[in-house]
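Data block below; observations after.
The values are calculated or read from the model by the stated rules, or taken from the named source; none is laboratory data. For clarity, every value in this text was computed on a predicted model and none was experimentally measured. Quick reminder, even Gly has a Cβ in these numbers, built from the backbone with ideal geometry, and neighbours come from all protein chains shown. Ligands, DNA and RNA are excluded from the accessible area calculation, which covers all protein heavy atoms including side chains. Shrake-Rupley method; radii C 1.70, N 1.55, O 1.52, S 1.80 Å.
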Protein chains: 4
Amino acid sequence: MSGIWGKNLKLSIFGESHGKGIGIVINGLPAGLELDFELIDKEMKRRLPGRDNISTKRKESDSFEIISGYFNKNTTGTPLCVIIPNEDKKSQDYDKIRELLRPGHADYTGYMKYKGFSDYRGGGHFSGRLTAPLVFAGAIAKQILMKNNIVIGSHILSIGHVQDDYFDLAQVDINTINKINTKEFPVINEEKGRKMIELIQEVKSEQDSIGGTIEAAILNLKAGIGDPFFDSVESKLSHLLFSIPGVKGVEFGRGFEITKLKGSQANDQYYIQNEEIKTYTNNNGGILGGITNGMPVIFRVGIKPTPSIGLKQKTVNIKAMENVEIKIDGRHDPCIIPRAVPVVEAVSGLAVLDLIMEHGGNFIG
Amino acid sequence: MSGIWGKNLKLSIFGESHGKGIGIVINGLPAGLELDFELIDKEMKRRLPGRDNISTKRKESDSFEIISGYFNKNTTGTPLCVIIPNEDKKSQDYDKIRELLRPGHADYTGYMKYKGFSDYRGGGHFSGRLTAPLVFAGAIAKQILMKNNIVIGSHILSIGHVQDDYFDLAQVDINTINKINTKEFPVINEEKGRKMIELIQEVKSEQDSIGGTIEAAILNLKAGIGDPFFDSVESKLSHLLFSIPGVKGVEFGRGFEITKLKGSQANDQYYIQNEEIKTYTNNNGGILGGITNGMPVIFRVGIKPTPSIGLKQKTVNIKAMENVEIKIDGRHDPCIIPRAVPVVEAVSGLAVLDLIMEHGGNFIG
Amino acid sequence: MSGIWGKNLKLSIFGESHGKGIGIVINGLPAGLELDFELIDKEMKRRLPGRDNISTKRKESDSFEIISGYFNKNTTGTPLCVIIPNEDKKSQDYDKIRELLRPGHADYTGYMKYKGFSDYRGGGHFSGRLTAPLVFAGAIAKQILMKNNIVIGSHILSIGHVQDDYFDLAQVDINTINKINTKEFPVINEEKGRKMIELIQEVKSEQDSIGGTIEAAILNLKAGIGDPFFDSVESKLSHLLFSIPGVKGVEFGRGFEITKLKGSQANDQYYIQNEEIKTYTNNNGGILGGITNGMPVIFRVGIKPTPSIGLKQKTVNIKAMENVEIKIDGRHDPCIIPRAVPVVEAVSGLAVLDLIMEHGGNFIG
Amino acid sequence: MSGIWGKNLKLSIFGESHGKGIGIVINGLPAGLELDFELIDKEMKRRLPGRDNISTKRKESDSFEIISGYFNKNTTGTPLCVIIPNEDKKSQDYDKIRELLRPGHADYTGYMKYKGFSDYRGGGHFSGRLTAPLVFAGAIAKQILMKNNIVIGSHILSIGHVQDDYFDLAQVDINTINKINTKEFPVINEEKGRKMIELIQEVKSEQDSIGGTIEAAILNLKAGIGDPFFDSVESKLSHLLFSIPGVKGVEFGRGFEITKLKGSQANDQYYIQNEEIKTYTNNNGGILGGITNGMPVIFRVGIKPTPSIGLKQKTVNIKAMENVEIKIDGRHDPCIIPRAVPVVEAVSGLAVLDLIMEHGGNFIG
């Protein structure tokens, strides 16, 4: 029953999609940090719908208000609370289907967990909207990480069966990341990107939706971060990544593919380059024994298709306890992947910052 | 820097492969539980090497000694500490390659994290041997879960490219699990099982190793367990699963395959059966919004090939800081997957028990 | 660096005295609880200044706004966030003495911890105002506890040298509590209460302040709550009580007086009454080995005099690093004890609820 | 139900008085620390009974065995587990009074919490013996703190009504501490010390026991350590201090006496000395707003008389549920205070180290 995460950096999330607002309290930020609001805005906008014709028509401005922990243009070191008021709520959209369990959503599980008392409007606390405060917090994490030269970047690896090129696991560098970051639709292979957009428009026209994967890289993490038990880098990252609505798979390095390799192929052999220890390959995604080895940390996240679709589906009226059909109207994303990119980066930044803070040090100067 | 995990059930792990012993302290067990030592022994033996000619020749008897928390044939409710003394240690095997970083192992990352002070013998705290206390604790978790009718079962889904049949996600039941559990080499399709064993023997003869995947199912979890943020069932399970040495991927339900589906295919539509709400399919693996929906919880774990191989590999002498070659002698598993099966089940049991304890209740009577 | 507390009931506090607002996020509340706003208002008002001529002239209406976790007149089970906007702020009062460290306050320690970046206005995050959200949360805890028949009551035990009668440790009951609760100035002996008020007015006229003690009782806790290590009832209660600004001492049962007794006097001997095990005396304050024994849990809290006084004091200008004098104008409480009473009860209720939730169960119906 | 404590330094305690052994797992120790076994032995011996004729005749050698986390004369950085085997157990002493609740002990509360399944022999997990692993861990904490120039010292402030001199709160320094540390019976005023010993012998001859207080000082903590909410230095220290069996009161600085002062007397006024900010007095015991101010951190702990006395007492046979009398034979301390001194210092060291680690840094070199 907990909306709290973290050890050194502690988050406390709250809010429902159609309530007064959503927000987050961030504990453990260093004092004396001037927030980079340009970066925060940029990250928040990446998550916003309505930028193009492939996402929901809902307007979410996600304008935020910092309630505490920021004074005279600096973090105070005390808990920073931010609230994002809810606007453009169309609660009546949901009232009429209130008792109908939307397949693929948390309507039923939330009903069971909260005994029928959860806010059902717009998914309530389960809404993807709750990722907005995570992106806010993640932008601050990114800012602090960048001061320590640590960079996070990601691209859409696939939409349905359309597949982008993979990162070169051992070679991905700041140039790779910078190139992707300038793109509106972040893919390596733009031709594939166009096909992805076509596919999204196609499923949209069918009133259907489609899933996809995101591949992310974290650069310049020093060797020695993380724990064997029980806070491996993989454990920490996956814990937060699996909190993102819709994520059903997480893999590191070569991931599930590594299971098909022989040890002689999978092992990342070592060599010395400029007095530093490197590996020729990076099948382990920069993590051995739960601890970083100085190579890029690379992982992939699988996200299911948006459950809200216009097509007719079989479901149950939980009050009447009878089989019925449902057709979900309203404004929905045919594909959530593009909007999930900044969320994946945000929680990765938060997880990594928490891990690094374990080692103390000053993350400002 | 933490060897502690859990909220309601708290584990504290300790030990190094070639030190005096390894062990675990389990907090939060109910008082008055008579341990099922037959089950514990059975689970511990499943993890042991040397049962056949496809695993290491090392002998690990894993005889354990309960130090505290058990009195008059019952748990006392206070911390239960168990120690597994180390035997059959051949530390000299490791001394001669002490400064050579074994590719794929945590030698380098442990060296960096612990500044050269970690116990390098046999992997030290990173050793797969540390999973023995997890299996011990997991057996107790399983016993408690079984009293609540909750059952965990798993099979080897693949070794290299040889693939077993998948669980039928919506239909897997206690019969499926019981059938697998009687098998020495737990697969659904025995023909595939034989091919897996052949493959393992083949890579062994090549002094190489091979990876694989495990598919697990947790049956009879009631709907309503887990959290949207930040302790989703996926988060809790993946956190522990990624603490198992060698795990590089975790996926739930259809996992990464769901990303290729359309919403109309991926959504698990509802119907009523015997006054209970069920789904026709189970692509979400029994979890929606981080919370169980009453369907089987199903997930897959990808494990890399054993890093210890007899073949020559390039590496670095970290003391001399020069490029060298390494050939790892000693007794190693050509494939760790069969021995990882009980470990996957153990940590799943621990994660699920911790989640269920959130709801209070008496897990004994 | 943490504003988060609790295991089963988790609090996340935030805010500065003169910022936009202060608030708290409460995790772990059961779903389906209709909040008793009358009780919340009553508790909030008990903490408010300005009710009489013995407290500050500042107006704090402490009107609160529930942001999340409450829907259709019921808790949803998801995080409940409440914000109390700040009003009647006179920040200029503080600006002129900004660099002068107020003796007895956290100006210097906050400066050192937060490297000069903390919000210095009105004590910022250190302000006694931060106890308002605690009282809000505590009122909810009290409501839940009352449904389980658990009652918390307290009285002003002393102001300076003026001493109220003590609770009869073994006999304090619901009548004792109810009698105190009806009083504006909660003491057992009203004559002593009048003398306390006189003393407060006296120190006020001297532009000085005075400290005092509060004695509290928690009734009807069942035997068996709490832990030997490390979450004894005393540990849990003292942890939160020492978070209340100004608290410098906490004792249970006979407290420090028990140290002067012999074992034959201190031991609470047992007898059976109505099939229940009772003790003749209650020198241990209802707690043995960190666990409740079913007798009233009784403790005392010592609170220092308000540091803000009108008299001239020696201090340091931290910017100029020179010795100076300070005279604190503004509206301050000559004695904080009466307003601290509901705060002590609030955090006690929160600590006790967290402990009880350890045992699971339904705290609503 | 938790035997785990700490954030950066994490302890996991286990064991019962008459089981196989007691012990602790310490997480978060830096790698590369050569343990000062002389200091550990010294601290362990201070806790041992049988040094003189004022404590129990039981022999506890408290010889310990380090199971993990120590290799090649250095901490490895992984969990350090130490076990102290139990010897000289006379379990039959307890068997005959098994069903009789010893007044003042945790027999009844333990019975209720653990439903009759706790190990009743010698207090089981509630035994004062469990403080031995705390002293072991505390000695390591002390060693690390000393490398950072932080020193902890304490003296017996009172036994019954016999009172030692108080620390001079603002002046206590390393010389004060060193002088006390050389004494077998640590008091400031030796004349009072003799009277204390006389009193202890007197109550011993009466088959009774007596309580007392300990005053402790922590020197050279930098200003800026601790938190306003919810981990004030007072909260952290009191949490652990109240886990020591028998502790019923904790106060900081002037403690409960400060409640009788006016603000003009209680406030610690500032001045500059050698470019450092000091206070003339130290009524706040070195802590303001939960955070250290650089002055000595001073606190007092009140400990009740040993519950085990030879005198006849009224109690209950919990099986027969009838009123009976009990006379406790066996070897018991007439006064536990002298043996509690190193325990108070140990947990203080652990609490302080955990707080300091919050600020990162290297505690070894």
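Using the Cβ atoms and a cut-off under 13 Å, what net charge is assigned to the surroundings of D:Gly285, where Lys and Arg are +1 and Asp and Glu are -1?
Once all neighbours under 13 Å are counted, the net charge is -2.
Report, in degrees rounded to the nearest 10, the 0 to 90 angle that the Cα long axis of helix B:37-47 makes with the longest principal axis of chain B.
It works out to around 60 degrees.
To check my understanding: the extent here is largest minus smallest coordinate of the Cα atoms along each principal axis. What are those three numbers for segment D:68-189, in Å, largest first?
On the principal axes, segment D:68-189 reaches 51, 50, 27 Å in Cα extent.
To one decimal in nm, how far is A:Arg98 from the same spot in the other copies, if labels go 7 Å from Cα toward Cβ? Please give the shortest first.
Spelled out, the distances from A:Arg98's label point are 5.2, 5.9, 7.2 nm.
Read phi for every residue in segment B:6-21 and hand back ³J(HN,Hα) as whole Hz from Karplus 6.51 cos²θ - 1.76 cosθ + 1.60, θ = phi - 60°, with x for Gly and Pro.
x, 10, 8, 9, 10, 10, 9, 9, 7, x, 10, 3, 10, x, 6, x
For chain A, take the longest principal axis of its alpha carbons; what is the angle in degrees between that and the long axis of helix A:337-357, to the nearest 10 within 0 to 90?
50 degrees
Taking the alpha-carbon set of segment A:226-275, what are its Rg and Dmax in Å?
So, for segment A:226-275, Rg and Dmax equal 14.6, 43 Å respectively.
For chains A and C related by rotation, which residue of A has the Cβ nearest the axis, and what is the rounded distance in Å?
Closest to the axis: A:Ser12, 2.
Using only alpha carbons, build the gyration tensor for segment D:124-269 and give me the equivalent ellipsoid semi-axes, biggest first, whole Å.
26, 21, 18
From the phi angles alone, apply the Karplus equation (6.51, -1.76, 1.60; θ = phi - 60°) to segment D:220-231 and give each ³J(HN,Hα) in whole Hz, x where the residue is Gly or Pro.
3J(HN,Hα) across segment D:220-231, in whole Hz: 6, 6, 5, 5, x, 9, x, 9, x, 10, 10, 10.
Under the Kirkwood approximation applied to all pairs of distinct alpha-carbon atoms, what is the hydrodynamic radius of segment C:4-357 in Å?
Answer for segment C:4-357: a Kirkwood hydrodynamic radius of 21.3 Å.
What's the center-to-center distance, using Cα atoms, between segment A:203-264 and segment D:5-22 in Å?
Here the answer is 36 Å between Cα centres.
What total accessible area, in Å², is buried where chains C and A meet, using a 1.4 Å probe and rounding to the nearest 100?
Chains C and A together bury approximately 3400 Å².
Counting only other residues whose beta carbon sits under 15 Å from that of B:Leu261, what net charge do I get with K and R as +1, D and E as -1?
-1
At most 11 other Cβ atoms within 10 Å and a DSSP loop assignment: could you name the trypsin sites (Lys or Arg not before Pro) in segment A:259-365 that fit?
Filter output for segment A:259-365: A:Lys319.
Just to confirm the numbers: B:Lys312, label point 7 angstrom along the Cα-Cβ line, distances to the other copies in nm, shortest first?
7.0, 8.9, 9.0
Excluding residues fewer than 8 places away in the same chain, name every one of the aspartates and glutamates whose C-alpha is closer than 13 Å to that of B:Lys314.
A:Asp268, B:Glu322, B:Glu325
Under a Cβ-Cβ cut-off of 9 Å, what is the net charge of the residues other than A:Ser154 that fall near it, where Lys and Arg count +1 and Asp and Glu count -1?
-2
Check C:Ser68: other-chain or 5+ apart residues with amide H under 5 Å from its amide H, H built from backbone geometry?
Result for C:Ser68 returns C:Cys81.
Listed here are the pairs A:Lys45/C:Lys113; A:Lys45/A:Lys147; A:Lys222/A:Lys248; A:Lys236/B:Lys113; which of them are more than 26 Å apart at the Cα?
Violating the 26 Å limit, Cα to Cα: A:Lys45/C:Lys113; A:Lys222/A:Lys248.
Contact order normalised by length for segment A:4-357, with contacts defined as Cα pairs under 8 Å and 6 or more residues apart; what percent is it?
This gives 22 percent for segment A:4-357.
How far, in nm to one decimal, is C:Glu38 from itself in the other copies if the label point is set 7 angstrom along Cα toward Cβ? Shortest first, please.
5.8, 6.0, 7.1
Tell me, what does the Kirkwood hydrodynamic radius of the protein assembly as shown come to in angstroms if you use every pair of distinct C-alpha atoms?
It is 32.8 Å.
Over all directions, the average projected area of the alpha-carbon convex hull for segment D:265-365 comes to how many nm²?
Averaging across all directions leaves 13.1 nm² for the Cα convex hull.
Mind pulling the angle between the C-alpha long axis of helix B:131-147 and the longest principal axis of chain B? Nearest 10 degrees, somewhere in 0 to 90.
10 degrees
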